[in-house]
Amino acid sequence: MSATDTGGRVRKFGSAVADGWTRERFGLLGALGLVLLAFGPSFQIYLFTDFLVVALFALGFNLLYGYTGLLSFGHGLFYAGGAYGLAIVLRDLGPVFADVVGSGVAPLVTFVVGGLVGLALVVAVAVPVGWLSVRLEEIYFALITLAFGMIGYSLIIQDPAGLTNGTDGIIVLLGSVDVGGESFRIGARQTYYALTVVVVLAAIYGVWRVVNSPFGTVCKAIRESPDRAAALGIDVRHHRWMTFIISAAIVGIAGVLRAGLASVASPGLTHWSTSAVAVIATVIGGATYFSGPIVGAFIFLYIRWGISRFPTLDAYWELFFGALLIGVVLYFKAGAVGGLLLLRDRLFGEGRAGGDDGPTQGGGGAAEPGSSGDRADDRGDDS
Amino acid sequence: MSLSSLVPLIGVSDVVVGLSLGSRLFLIAVGLSLIFGVLGVLNFAHGGLYMLGAYVTLAVVTGVIDNFWIAALAGALAVGVVGAAIEFAAIRPLYDRIDADLDQLIVTFGFVLIIHETVRFVWGSGSYSVDPPALFDFSVSLGGSTFGAYRLVVIGLAVAVLAGLWLFITRTYFGSLVRGTSSDREMASMLGVDVPRLYTAVFFLGSVLAGLGGALSAPLQSTSPALGDQVIIDAFIVVVIGGLGSMTGAFVGAMLIGMMQSLGPQFISAGSIAIPFLAMVIVLLFRPEGLFGGIGE
Amino acid sequence: MTTVLKTESLRKQFGELTAVDDVSIEIDDGDITSIIGPNGAGKTTFYNLLTGVLQPTAGSIWLRSGDGATDDGGGLREITDAEPHEVAQAGLSRSYQITNIFEGLTVRENVRVARISHERTRLDFRSRATGDEAIEADIEELLELTGLTDIADTPCDTLSHGEKRTVEIALALAIEPDVFLMDEPTAGMNPTEVTEIVSLIRELDADLDATFVVTEHNMDVVTDISDRIVVLAEGSILADGTPDDVLTDERVTEAYLGSDSV
């Protein structure tokens, strides 16, 4: 490990943190925080739910960018796919489910089925779109995914099949569940928050498993050098295709949650400017880290909220993120997570060696933080 | 009733509109294609620069001198300076990175946001229109329909820009440096070409073209902060179909898309706006070098 | 001697330029064959053809098949149109002249990628990458063999040039190739490192059941390790034989003196 020993009290404090505060305890603390948040102000619950959804969106996107080196400008397609799948099922099949399972639990059943339909729709689209897209690399991959996204956008607003309700989008009404005289609204902030936490944490865990599997290890190698990977017998295109599908599915789940949170599935979700949100969050957070997109989404939403507190600045929040994006790419590609790890090294001396979850980006000239343990470390706030 | 009502599918005015739409698209896309052809940079902010050209022209016409041509020139040069500054400050440091292409795309996307917000800050969110130069501010009747004479002028201007650029690239010393550097950067560098300076110069030229496009198209469109985001996608379609880096490719691609936009809706109603994107996908998959490859061709 | 790798009238043209011109060669099992020649003689193009990176304009490539499948009746299988990953899976591995390893990963992770590929657990999404005990044991063994154990957990972008070159070799070996193509193994090395690599190659040749094909500029290394030398010039075979025969061949001297590089 290359980090220098800072010695003295600070060092001791650092090792105390390392010894006493295990991952499990941090996990417990995080879970407690999540529960406490449910009793906070309504707007804060909403904002945090929003953050979780965007975090999952960016995490799904980065599976492709950070782990195989393909920059998609069309992941809005899958975000919208999940949203529209849910919205169409709720609109068209809600009454059918009420007949089958009874009106009491029908809204919940419809929501779950709608979510699964959204996911299935996304996978069905991602299989051919991914198969075609991974034939290309670099700029050309960015362009073809952008084009696919915009095809989706065009079809949704022109609505040739009469399914998507054009530019207005589809209203998403989640309804109320009545069981044994108790009734609760699925869309109520606390309820929806709890649901989102569970789904997002499960999805993040799933992604984490994939990233640390033999498959994920091969992906990291592809990110580093595709031709070297091929020379070792790895079918690079096939791997990228598989990653594309998983990445789209994760984004699709985020899209389902987005539709429920916003109460609408709107065509804007497919637009390239929505796909760009995942790019911004990921790059700011640090594409080289598993937790980069999550931290990036946190920064994106909370700084935006912070800016919105000042009405004169509020109209120009994009300016700030434009400048931040440029600054990060030019001077500190490790992003916010890289910065935090660097800070931790400075404060606590030698970093603890962690798992090996982070892909690393070969961007020459980009600032990289200290030791290898750090670089591959995953201890961002998963929660 | 004239002949065109008997042949409802294609009227003369549709063709003129198609050609003028295509001309505008060419003016948007040609600088993007030039920059990609020489530097290998896909400039996401190109649409923003185009928009900036329209705004500067507007500002000069209304605030400084009421002469459209001078204003357009001022717009083009101002945008050229902004473009050169962007290249110098934010794109040049990235050429040697392994991920240069994607990093440059992301950085220029950052400038999309910055230009958008700056324009909103200076000119507000409303939309403006610019009058065509007085000389051409009249209507022409052709084949039973009427359109502004300036549409014809734009078609002529687009052809003039193509011809001028072609002469510049094939007949001047600077043009030969550009061609040499675009085909083999390292060789050009070894032969004593100051490649970084040449890159900045080409980025300046490409940005001037963006600004000029925005300025000349200003009378045909309403200028608002959303303009940049709209046109960059059109520009991507055009340069991909024509061939990234090709001038004539950009011209033919632009005319194809222009005619498609003008005539297409009469043939296909459902899903028609998806067609250019579909064409883009097909070209990328089967002919990634575009229908017309290579710079200066 | 049995043939493990064979080309028949292999040719590659880039427009007007013929980079590899009608090369027919048979590589014998267990040999160390060096392919030498001046810069631009077509060595790298030849390697790229063999490994599926480039498609030949004409001719064919054959490799001994491990599974007994045979296309020519002599135990060889045609791999002319195979893609790079298929060539690697068929048992032909390579190292690169310009170091090509997974820079951001540690040495151990580099080797693990290759072992995962070899053991066909590439599409396992669910297990832990480090959880396969057999693979982990193989990794240790390979690190031991190549002398990389001490730096196993160092990220590759912080290694010295010589260490990176060794990782390059370890990667290629990790997929247990029948034939190992080494492209300039000593490129850019200092004399000490060269000595180390040469003794490593000798060790590997003795320990492993693999056939080596080496391109090399350093003639001391070539004479030291080769069982056989093939000289390429302007895309064709100029001479072929034992080191003694080839290096005393007048045409070879001429070809070298006619160019700038030795």
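Only the coordinates and a few stated rules stand behind these numbers; no lab work does. What you are looking at is a predicted structure, and each value in this text was computed from that prediction instead of being measured. Glycine also receives a Cβ, built like all others from the backbone with ideal geometry; neighbour counts cover every protein chain displayed.
Quick look at the values:
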quantity	calculated
Beta bridges per DSSP with both ends in the protein assembly as shown, % antiparallel, nearest 5	65
Angstrom value of the Kirkwood radius, inverse mean 1/r, which spans all Cα pairs in segment B:123-234	17.0
Rg to Rh, two decimals, where the protein assembly as shown supplies the alpha carbon set and Rh follows Kirkwood	1.00
Net charge dipole size for segment A:203-320 [Lys, Arg +1 and Asp, Glu -1 on Cβ; Debye, nearest 20]	180
Cα shape, segment A:141-258, gyration tensor, a/c 1.5 rule	oblate
5 angstrom amide H check on C:Leu238, placed H, neighbours 5+ away	C:Val231, C:Leu232, C:Ala233
Theoretical FRET efficiency, 1/(1+(r/R0)^6), r = Cβ-Cβ of A:Thr312 and C:Asp150, R0 56 Å, to 0.05	0.40
Nearest 10 degrees, 0 to 90: helix B:12-39 Cα axis against chain B principal axis	0
Translational diffusion coefficient (Stokes-Einstein; Kirkwood radius from C-alpha pairs) of chain C at 20 °C, 1.002 mPa s, in µm²/s	112
Distance between modelled label sites at B:Thr170 and B:Ala85, nm, 7 Å Cα→Cβ extension	3.7
Given charges at beta-carbon only (K, R positive; D, E negative), |dipole| of chain B in Debye	300
Using a Förster distance of 51 Å, the FRET efficiency for B:Asp131-C:Leu17 (Cβ separation, nearest 0.05)	0.30
Sequence-distant lysines (8 or more away, or on other chains) whose Cα lies within less than 21 Å of C:Lys164	A:Lys220
From phi via Karplus (6.51, -1.76, 1.60), per-residue ³J(HN,Hα) for segment C:2-7 in Hz, x at Gly/Pro	9, 7, 10, 9, 9, 10
Table column - 3J(HN,Hα) (Hz), segment A:151-167, Karplus curve with 6.51, -1.76, 1.60, x for Gly and Pro	5, x, 4, 4, 5, 5, 7, 8, 6, x, 8, x, 10, 9, 6, x, 5
Under the Karplus curve 6.51 cos²θ - 1.76 cosθ + 1.60, θ = phi - 60°, whole-Hz ³J(HN,Hα) for segment A:237-243, x wherever Gly or Pro sits	5, 5, 4, 5, 5, 4, 5
Theoretical gain in end-to-end length, B:Arg287 to B:Val64 [0.36 nm per residue, Cα-Cα removed]	75.5 nm
q = 0.14, 0.16 Å⁻¹: log10 I(q)/I(0) that the Debye formula gives for segment A:34-375, counting C-alpha atoms only	-1.16, -1.43
Overall Cα dimensions of segment C:99-175 - principal axes, largest extent first, Å	35, 22, 19
Value of [θ]222 nm, deg cm²/dmol, for chain C, DSSP H segments ≥ 4, -39500 (n - 2.57) each, nearest 500	-10500 deg cm²/dmol
Residue mean of other protein chain beta carbons inside 10 Å, B:277-288	5
Chain lengthening between C:Asp227 and C:Thr195 when straightened (0.36 nm per residue, less Cα-Cα)	9.7 nm
C:Ala58 long-range amide H proximity, modeled H, under 5 Å	C:Arg11
Net charge contributed by nearby residues that have their C-beta within less than 14 Å of C:Gly162 (K/R +1, D/E -1)	-4
Between 0 and 90°, nearest 10: helix B:46-63 axis offset from chain B longest Cα axis	60
Selection from B:Leu256, B:Val208, B:Phe147, by position along the positive dipole direction of chain B (Cβ)	B:Phe147
Distance between modelled label sites at A:Trp131 and A:Gln190, nm, 7 Å Cα→Cβ extension	4.9
Shielding by partners - mean other protein chain Cβ count within 10 Å, residues of A:32-39	0
5 angstrom amide H check on C:Ser95, placed H, neighbours 5+ away	C:Leu181, C:Met182, C:Asp183
P(r) weight above 18 Å for segment C:98-229, C-alpha pairs, percent	54
Three-way shape call for segment A:9-158 based on the alpha-carbon gyration tensor, with the a/c threshold at 1.5	oblate
Dipole magnitude of the protein assembly as shown about its Cα centre (Cβ charges: Lys, Arg +1; Asp, Glu -1), debye to nearest 20	4860
Cα-based Rg and Dmax for segment C:33-174, where Dmax is the largest Cα-Cα distance (Å)	17.1, 50
Where only alpha carbons of segment A:165-220 are counted, the Rg and the Dmax (Å)	18.1, 53
Ranked by how many other beta carbons lie within 10 Å on average, peptides A:75-85, A:49-59, B:111-121 from highest	A:75-85, A:49-59, B:111-121
Compactness of segment B:3-286 - radius of gyration and Dmax, Cα, Å	19.1, 64
In degrees, nearest ten, helix C:191-207 long axis to first principal axis of chain C (Cα)	80
Segment A:223-356 - Debye-derived log10 I(q)/I(0), Cα point model, q = 0.12 Å⁻¹	-0.67
